[in-house]
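Down below is the structure, laid out as structure tokens.
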Amino acid sequence: CSVDVSASLQAWLSTLTPGTLVRPAAGACYRIDRGVTLRFPVGLTIDGGTFRNTTTQNSFTGQGLGRATFNVLGGSAVTFEDLTIVGANPSGYHPALAFEAGITLQGTTRAVIRNVTINHVYGDGITLDPLRGGSDHMSGGIVSPVTNLNISAVNITGSGRQGIALVSVNTANIDNV
């Protein structure tokens, strides 16, 4: 967790074939200050590890109001389980980083978030956004909501916005949060 590995982790994850299980070694910790965007993954499971985002209002560089530690753009059958996400938010709401979430799903189908701990992120613990049109998937009309989602045994503390933001969702089972 001493060096930001956002770019290298994202590059590696984008090469994985559908149905891949990523299981970090016991006690593994990864610093992800710039976030990881997973573009249209299929059947990807990340099982374990600690993912630390040390970005603060003073150290943030880039456009917008922050980046999620994990941002899933579309895709299906994505699973996050038995992992921890730790942000650097000392407390409260900070509008400059309001979208620095733990996990953001954008129009993802059949996702599972299970046995996950998310602490002290500046944004939501989990944001459930629609997939949008346009070449940047940030503009244009809504293409699809998050669909058939299962969230269970999730502990979110010290988030700057909401625990879970249900922005655009069609069918979700949320239990023991």
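Could you tally the net charge around Arg52, taking each other residue with its Cβ under 12 Å from the Cβ of Arg52, Lys/Arg +1 and Asp/Glu -1?
On the way: positive: Arg31; negative: Asp4, Asp33.
Cβ neighbours under 12 Å give a net charge of -1.
Within 12 Å, Cβ to Cβ, of Val121, how many net charges do the neighbouring residues add up to if Lys/Arg are +1 and Asp/Glu are -1?
On the way: positive: Arg52, Arg67, Arg161; negative: Glu100, Asp124.
Result for the local shell: +1.
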Original post:
Can you give the convex hull volume of the alpha carbon atoms of segment 23-121 per residue, in Å³?
Top reply: 94 Å³
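With the cut-off at 12 Å, report for segment 1-47 the share of all Cα pairs above it, as a whole percent. Could the numbers behind the result be given before it?
Details: 699 of 1081 pairs.
Percent of Cα pairs beyond 12 Å in segment 1-47: 65.
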Subject >> Global size of the chain as Cα Rg and Dmax, reported in angstrom >> reply: 14.7, 42
**OP:** Taking the dipole about the Cα centre of segment 1-157, with the C-beta of Lys and Arg at +1 and of Asp and Glu at -1, give me whichever of Asn155, Gly141, Tyr122 is farthest to the positive side.
**Re:** Gly141
Original post:
If you add up the charges near Ala88, with Lys and Arg at +1 and Asp and Glu at -1, over every other residue whose beta carbon is less than 10 angstrom from its beta carbon, what do you get?
Top reply: -1
Subject >> Between segment 50-86 and segment 90-126, the alpha-carbon center distance in angstrom >> reply: 7 Å
Subject >> √(5λ) per eigenvalue of the Cα gyration tensor, segment 87-177, largest first, Å >> reply: 22, 18, 8
Subject >> From phi via Karplus (6.51, -1.76, 1.60), per-residue ³J(HN,Hα) for segment 167-176 in Hz, x at Gly/Pro >> reply: 7, 8, 9, 10, 6, 8, 10, 10, 9, 6
Original post:
Highest GNM mean-square fluctuation, the chain, Cα pairs closer than 10 Å: which of His120, His137, His94?
Top reply: His137
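So in the chain, what percent of DSSP beta bridges are antiparallel if you round to the nearest 5?
Working: 2 of 52 bridges.
Of the beta bridges lying entirely in the chain, close to 5 percent run antiparallel.
Read-outs throughout are calculated quantities, based only on the coordinates presented, and are distinct from any laboratory measurement. These numbers come from a predicted model, not from an experiment. Glycine gets a Cβ as well: all are built from the backbone with ideal geometry, and neighbour counts include every protein chain shown.
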